[in-house]
1. Do you know which residues across the stretch 155-181 are assigned to a loop (DSSP other than H, G, I, E, B) and either open to solvent by 20 Å² or more (accessible area, probe 1.4 Å) or under 14 Å from residue 102 (Cβ atoms) (or both)?
2. Kindly check whether there is at least one residue in the stretch 19-33 that is modelled with pLDDT of 95 or more, away from the ligand (no atom under 16 Å from the Cβ) and either hydrophobic (A, V, I, L, M, F, W, C) or part of a helix (DSSP H, G or I) (or both).
3. Counting only residues that are in a loop (DSSP other than H, G, I, E, B) and open to solvent by 30 Å² or more (accessible area, probe 1.4 Å), how many does the stretch 243-255 have?
4. Return the residue satisfying two criteria in turn: it lies in the stretch 34-60 and is of a type in the set (D, E, K, R), open to solvent by less than 70 Å² (accessible area, probe 1.4 Å) and in contact (Cβ under 8 Å) with a residue 24 or more places away in the chain, and of such residues it is farthest from the ligand (Cβ to nearest atom).
5. Which of the following residues is aromatic (Phe, Trp, Tyr), assigned to a helix (DSSP H, G or I) and within 12 Å of the ligand (Cβ to nearest atom): 118, 200, 106, 132?
6. Tell me which of these residue 275 doesn't satisfy, since it passes every other one: (1) open to solvent by 90 Å² or more (accessible area, probe 1.4 Å); (2) over 21 Å from the mean Cα position of the chain (by Cα); (3) at pLDDT below 95; (4) not hydroxyl-bearing (Ser, Thr, Tyr).
7. What tally of residues in the stretch 203-242 results from selecting those that are within 8 Å of the ligand (Cβ to nearest atom) and open to solvent by 20 Å² or more (accessible area, probe 1.4 Å)?
8. Can you tell me which residue within the stretch 61-81, out of those that are near the ligand (Cβ under 10 Å from one of its atoms) and among the hydrophobic types (A, V, I, L, M, F, W, C), is most open to solvent (accessible area, probe 1.4 Å)?
Amino acid sequence: MSKHTEGMLRTDALQDKVLIVTGGGTGLGRSMSKYFLELGAKVVITSRKLEVLEQTARELESETGGKVLPLACDVREYEQIEEVISKTVGEWGRIDGLLNNAAGNFISPTERLSHRAFNTVLDIVLKGTTQFSLALGKHWIDQKQGGTMLNIVTTYAWTGSGYVVPSACAKAGVLALTRSLAVEWAKYKIRCNAIAPGPFPTEGAWSRLLPGELKDKFDPARRVPLGRVGEHQELANLAAYLMSDFSAYVNGEVVTIDGGEWIKGAGEFNNLERVTPQMWDIFEQMRGK
Ligand code: NAP
């Protein structure tokens, strides 16, 4: 039996760590937070909608028996980020890790976007991530305390992608931030890594990126060599490892978890999978053995 939907790490892997998860009230942020709690962490979940966060916090506490602090924070507002940091320290005394997961994205031909819509995505994804990293980095350096940052990007952070251009620009920036700070702040014992997920079903991503009939027309599972979308636990396992001390020597890395999706798009001859065995027989005969 495959173990890919099971928790991977020992149950004390994040014992007593205080972790902040942006966008922690929904989707992948919620799933990663849940696993962090199962591994002994205390988790602050933040986003704009306090009611959503409070509801998720109640559910996660009852599902895991862990401690969750829901705090409203728009990552575009630096003062709100500073407030999250000071409230977390006030509540739990310290912060050990930050998961920059909050994002905004939608599909559109780029020429149809207003500059405001373009900027909104840049502001949430790039500015939001840089601001949270800057504020917490300053705090850690001030406190002479190390910490772990983990940024959620996408595989088109390095390939680029049409129809999600603001997101592609922003995620590429986040990847540059990850690799830059990994080197510059290593001397402060601050590690910085990223995860590039392929398709993982969430209400948020699916409704904005695959609206209406697109879900059936462009079934993401069909693009993936492994023939399926990701399970949230698979991502949570990776995120928990990169947040934990077990990955203490991993720094400046971006780990792709996409079933081979992006590399399939990159390989010139990969679409030959559509050639049937009978056709291969014919090609072989034409070539001569
Ligand atoms: P999601 O549920 O929509 O998560 C996005 C979260 O960001 C929400 O909780 C949202 O909460 C929060 N957010 C948006 N704007 C914010 C702001 N200004 N300030 C603070 N929080 C804000 O979607 P998801 O699929 O779980 O995505 C999570 C992460 O995975 C994103 O970084 C996304 O790019 C990445 N990713 C997802 C996939 C996938 O297939 N699902 C693939 C590749 C990468 P509020 O609305 O309450 O603010």
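The values are calculated or read from the model by the stated rules, or taken from the named source; none is laboratory data. The structure presented is a predicted model; accordingly, all values stated were derived computationally and were not measured. All Cβ positions, even for glycine, are placed from backbone atoms using ideal geometry, and neighbour counts span all protein chains on display. These accessible areas exclude ligands, DNA and RNA; they are computed on the full protein's heavy atoms, side chains included. Shrake-Rupley method; radii C 1.70, N 1.55, O 1.52, S 1.80 Å.
1. Narrowing the stretch 155-181 to residues assigned to a loop (DSSP other than H, G, I, E, B): 155, 160-164.
Listed by number, the residues that qualify are 160, 161, 162, 163.
2. Our first condition is that a residue be modelled with pLDDT of 95 or more; within the stretch 19-33, this holds for 19-33.
From the residues that got through so far, the ones that are away from the ligand (no atom under 16 Å from the Cβ) too are none.
Checking the stretch 19-33: not a single residue is modelled with pLDDT of 95 or more, away from the ligand (no atom under 16 Å from the Cβ) and either hydrophobic (A, V, I, L, M, F, W, C) or part of a helix (DSSP H, G or I) (or both).
3. Residues in the stretch 243-255 being in a loop (DSSP other than H, G, I, E, B) and open to solvent by 30 Å² or more (accessible area, probe 1.4 Å): 5 in total.
4. As a first pass, look at the stretch 34-60 and keep what is of a type in the set (D, E, K, R): 34, 38, 42, 48-49, 51, 54, 58-59.
Retained after the next criterion (residues that are open to solvent by less than 70 Å² (accessible area, probe 1.4 Å)): 34, 42, 59.
Keeping just the survivors that are in contact (Cβ under 8 Å) with a residue 24 or more places away in the chain gives 34, 42.
Working: 34: 13, 42: 19 Å.
Per the stated criteria, the residue is 42.
5. Values: 118 fails: within 12 Å of the ligand (Cβ to nearest atom); 200 fails: assigned to a helix (DSSP H, G or I); 106 fails: assigned to a helix (DSSP H, G or I).
Exactly one of 118, 200, 106, 132 is aromatic (Phe, Trp, Tyr), assigned to a helix (DSSP H, G or I) and within 12 Å of the ligand (Cβ to nearest atom), namely 132.
6. (1)
7. Applying the first criterion (within 8 Å of the ligand (Cβ to nearest atom)) to the stretch 203-242 yields 203-206, 208-209, 220, 229-230.
Subset that is open to solvent by 20 Å² or more (accessible area, probe 1.4 Å): 203-206, 208-209, 229.
Residues flagged as within 8 Å of the ligand (Cβ to nearest atom) and open to solvent by 20 Å² or more (accessible area, probe 1.4 Å) within the stretch 203-242 amount to 7.
8. Residues of the stretch 61-81 near the ligand (Cβ under 10 Å from one of its atoms): 72-77, 80-81.
Subsequent filtering for residues that are among the hydrophobic types (A, V, I, L, M, F, W, C) retains 72-73, 75, 81.
Working: 72: 53, 73: 4, 75: 13, 81: 0 Å².
If we take residues in the stretch 61-81 being near the ligand (Cβ under 10 Å from one of its atoms) and among the hydrophobic types (A, V, I, L, M, F, W, C), then 72 is most open to solvent (accessible area, probe 1.4 Å).
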